[in-house]
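The values are calculated or read from the model by the stated rules, or taken from the named source; none is laboratory data. The shown structure was predicted, so the numbers you read here are calculated from the model rather than taken from an experiment. Cβ coordinates were reconstructed from backbone atoms using ideal geometry, including for glycine residues, and neighbour counts include every protein chain displayed.
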Amino acid sequence: LSIHETEDPNDNRYLLVMKGAPERILDRCATILLQGKEQPLDEEMKEAFQNAYLELGGLGERVLGFCHYYLPEEQFPKGFAFDCDDVNFTTDNLCFVGLMSMIDPPRAAVPDAVGKCRSAGIKVCPRGDLVGVRSGADAGSRAIPKPQWLQVIMVTGDHPITAKAIAKGVGIISEGNETVEDIAARLNIPVSQVNPR
């Protein structure tokens, strides 16, 4: 978020601009800029936004959302002391101005490293549940994990659909592997209830 003076000498308003995760930016907006004019942000526009976002994210591109707002001169006169720690200006009812996508590719060595992991016997797989094991003096007395393959886990701050596309691109996810989102969809439960291990 940043606040700027406008270049127009006849316009003393400040311009607030913000960029960030598209869904969070959209949540702060009440209008959308279309062909140079602000229009109400209705459900149809939100659906179009969601479709564009998913399409770009599905290509493995990082997507950012942008919005702005002209702060009313009466409330925020020239020289107003803006405070970002104790926010004294609006950050809601903004105007959505668009999406931008960019390719932020993994390092060139990643696909080769994933290939080496696979050839070393490291596989991507969901962890099994604990099962009872009956052997020796411990017969039936405790549960131990099923034999597990070593796992490749990708940690990212990207949107899940973007992360999935990137993981497929570098060979972490191959045909037949499920992501946390896939498991949630299959079990018809929220993603937060899926044990990622």
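Key figures
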item: Search result, residues across the range 4-36 that are at pLDDT 95 or above, basic (K, R) and not in a loop (DSSP other than H, G, I, E, B); result: K19
item: Count of the range 19-33 residues which are closer than 10 Å to C95 by Cα and of a type outside the set (G, A, S); result: 7
item: All positions within the range 51-99 that are under 27 Å from P9 (Cβ atoms) and in contact with a helix residue (DSSP H, G or I) (Cβ under 6 Å, 6 or more places away or on another chain); result: C67
item: L54 vs. criteria aliphatic (A, V, I, L, M) and over 17 Å from A163 (Cα atoms); result: no
item: Count of the range 89-104 residues which are free of Cβ contacts under 8 Å to residues at least 60 places away in the same chain and loosely packed, with under 12 Cβ neighbours inside 10 Å; result: 3
item: Residue within the range 30-46 that is within 25 Å of G157 (Cβ to Cβ) and among the hydrophobic types (A, V, I, L, M, F, W, C) present; result: no
item: Selection from the range 41-80 of residues that are free of Cβ contacts under 8 Å to residues at least 12 places away in the same chain and under 24 Å from the mean Cα position of the chain (by Cα); result: D42, E43, E44, E47, A48, Q50, N51, E55
item: Matching residues, the range 41-64, being touching a strand residue (DSSP E or B) at 6+ places or on another chain (Cβ under 6 Å) and either exposed (fewer than 13 other Cβ atoms within 10 Å of the Cβ) or in a strand (DSSP E or B) (or both); result: R62, V63, L64
item: Output for the range 65-82, where each listed residue is among the small types (G, A, S) and in a strand (DSSP E or B); result: G65
